[in-house]
1. With the requirement that a residue be farther than 18 Å from B:Pro210 by Cβ and in a helix (DSSP H, G or I), what does region B:57-67 give you?
2. Within region B:39-46, is even one residue hydroxyl-bearing (Ser, Thr, Tyr), surrounded by 18 or more Cβ atoms within 10 Å (Cβ to Cβ) and at pLDDT 95 or above?
3. Can you confirm whether region A:83-106 contains a residue that is within 14 Å of another protein chain (Cβ to nearest Cβ) and of a type in the set (Gly, Ala, Ser)?
4. Considering each of B:Arg277, B:Arg241, B:Arg224 in turn, give the residue that is under 29 Å from B:Val21 (Cα atoms) and either in contact with a Gly (Cβ under 8 Å, 6 or more places away or on another chain) or not β-branched (Val, Ile, Thr) (or both).
5. Here's a check for you: in region B:93-112, which residue that is in a loop (DSSP other than H, G, I, E, B) and more than 17 Å from B:Leu344 (Cβ to Cβ) is nearest to the chain's Cα centre (by Cα)?
6. With the requirement that a residue be touching a residue at least 12 places away in the same chain (Cβ under 8 Å) and not in a helix (DSSP H, G or I), what does region B:381-395 give you?
7. Of all residues in region A:31-46 being in contact with a Lys or Arg (Cβ under 7 Å, 6 or more places away or on another chain) and within 26 Å of B:Ser328 (Cα to Cα), which is surrounded by the fewest Cβ atoms within 10 Å (Cβ to Cβ)?
8. Can you pull out every residue in region B:381-400 that is over 18 Å from A:Cys64 (Cβ atoms) and more than 8 Å from chain A (Cβ to nearest Cβ)?
Amino acid sequence: MAYSDKVIDHYSNPKNVGTLDKAKKNVGTGLVGAPECGDVMRLQIEVDEATGVIADAKFKTFGCGSAIASSSLATEWLKGKTVDQALAIDNMDIVEELNLPPVKIHCSVLAEDAIKAAINDYRVKNGMPELELEEKKH
Amino acid sequence: MELKLPIYLDNNATTPMDPRVLEAMLPYFVEKFGNAASRNHSFGWVAEEAVDYAREQVAKLINADPKEIIFTSGATESDNLALKGVFEMYASKGNHIITATTEHKAVLDTCKHIEKMGGQVTYLEVNPEGLIDLKELENAITDKTILIAIMYGNNEIGVIQPVREISAIARKHGVLFFTDATQAVGKIPVDVQADGIDLMAFSGHKMYGPKGVGALYVRRKNPRVKVTAQMDGGGHERGMRSGTMNVPGIVGLGKACEICMNEMEAEAKRLSVMRDRLENGLMELEEAYVNGSKEHRLPHVSNISFKYVEGEGLMMGFNKNIALSSGSACTSASLEPSYVLKALGLGDDLAHSSLRFGLGRFTTDEQIDYTINAIKDTVLKLREMSPLWEMFKEGIDLDTIEWAHH
């Protein structure tokens, strides 16, 4: 199976690889997937408390090239968005942008899950109620 | 020597054809096109002579009699013919077959089919080295057992089963012994007499011969073994395998066997030195594990798990220049990681992180050096990107984390 140029580009030059200080109140961390399934994503957001805008986003991913590309793309999209805007990111947007084949759609679902998990972590830390998330099929 | 790219290290999947094999085959497409079964003219005689000669070349490599070689379309057909053919032929004696969980799918799926036809199959587990337990094998034999089917060398991990001990047990209990030796024939000495093999499957394209041709060895003496044909037709190959002989393919298989016969010993030595160098180079990485027995192993095979990186993601780092395969689920159609690695007791995470190296006749030292460096660089790069590696480095036990399974 050939990878799309965009997947190859994100894999070769991943954006925003790294770790934010998860102890900070304005940092939300989402860890999704499982080693046995071959995919684990950790996505973090750092929110500017004055504006509610995501000032920084970082990821680390264990997985195939499409999983790495999906999380790399997600961090790019997150930066500059408000938390509410970030919630609107849909996995199918990632599928479209990266040209993921059907067998790799679960990578995009995982990235969306990671975004939502990071936002929820941020919300809980800051006294907001946890969002009920709809279950997407992996 | 100059480095030649891309590098092919997937020789367990298939081997490139040796140019000498192609040369031997070429006259049999256009010029000498006859049907080996045409008994009444020179075209047929020429073809028949070529097939007879190839049969001798094949037999010689495995120390068999030429009459014991049945030509087929490949190892999958040979596996089917051996298992189903014995099951049908010996139905009056029993219906029980013993095999192992690490066999090739061509054996396992055929066994599943036999179960549907009323057969009983015992699937022996293997130890963490990938070897079956001989006591367990002997204990599994019942008065209904007709066949033991254990492979010679494994396609994923290269582990060589104790074939002589297995055949001794089979002999002692009057049970036939079939081995799928697709990965072993032409790579290491395989001797059907000394090894006590009653039936054996192997294939041309795993030993620098053409695809679409293989053979089944069927013992004719002590004991005389017969299999029921699985295709009806002209009664070729002593009635065990009908179908017009694939003359160019058979000529190619014969030539491939002859080359292996002459060069196998030196080649195995050369490849095992290279394989060990590759393995030692890669094992300098932290948290790298060789899968399967290192002691009982084909000389050209290595299977290594690089913990905390995923196999497909890893291969993407160098697959433009290096071809190999992984036990990762993402590389298979089934979305399940390698059942062979799981049978060794590896967790799914380690199975996902494995690479299989299959060296071959045309692998060079320069290619091995390049591969060591490329894989090391990619593993290090991906570990920097891996949340699991970070947790491991922080001393977090990954087993204590509640992962969201899906």
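The values are calculated or read from the model by the stated rules, or taken from the named source; none is laboratory data. Bear in mind the structure is a predicted one, so any value in this text is a computation, not a measurement. With ideal geometry, Cβ positions are generated from the backbone for all residues, glycine too; neighbour counts draw on all protein chains shown.
1. Quick first cut of region B:57-67, residues farther than 18 Å from B:Pro210 by Cβ only: B:59-60, B:62-67.
If the condition is that a residue be farther than 18 Å from B:Pro210 by Cβ and in a helix (DSSP H, G or I), then B:Ala59, B:Lys60, B:Ile62, B:Pro66, B:Lys67 are the ones that fit.
2. Taking every residue of region B:39-46 in turn, none turns out to be hydroxyl-bearing (Ser, Thr, Tyr), surrounded by 18 or more Cβ atoms within 10 Å (Cβ to Cβ) and at pLDDT 95 or above.
3. Residues of region A:83-106 that are within 14 Å of another protein chain (Cβ to nearest Cβ), as a first pass: A:91, A:98, A:100-106.
Now restrict to residues that are of a type in the set (Gly, Ala, Ser): none.
Taking every residue of region A:83-106 in turn, none turns out to be within 14 Å of another protein chain (Cβ to nearest Cβ) and of a type in the set (Gly, Ala, Ser).
4. Of B:Arg277, B:Arg241, B:Arg224, the one residue that is under 29 Å from B:Val21 (Cα atoms) and either in contact with a Gly (Cβ under 8 Å, 6 or more places away or on another chain) or not β-branched (Val, Ile, Thr) (or both) is B:Arg241.
5. Across region B:93-112, the extreme among qualifying residues is B:Asn95.
6. So in region B:381-395, the residues touching a residue at least 12 places away in the same chain (Cβ under 8 Å) come out as B:381-383, B:386, B:388-389, B:392.
Passing the criteria: only B:Ser386.
7. A:Leu31
8. B:Met391, B:Phe392, B:Lys393, B:Glu394, B:Gly395, B:Ile396, B:Asp397, B:Asp399, B:Thr400
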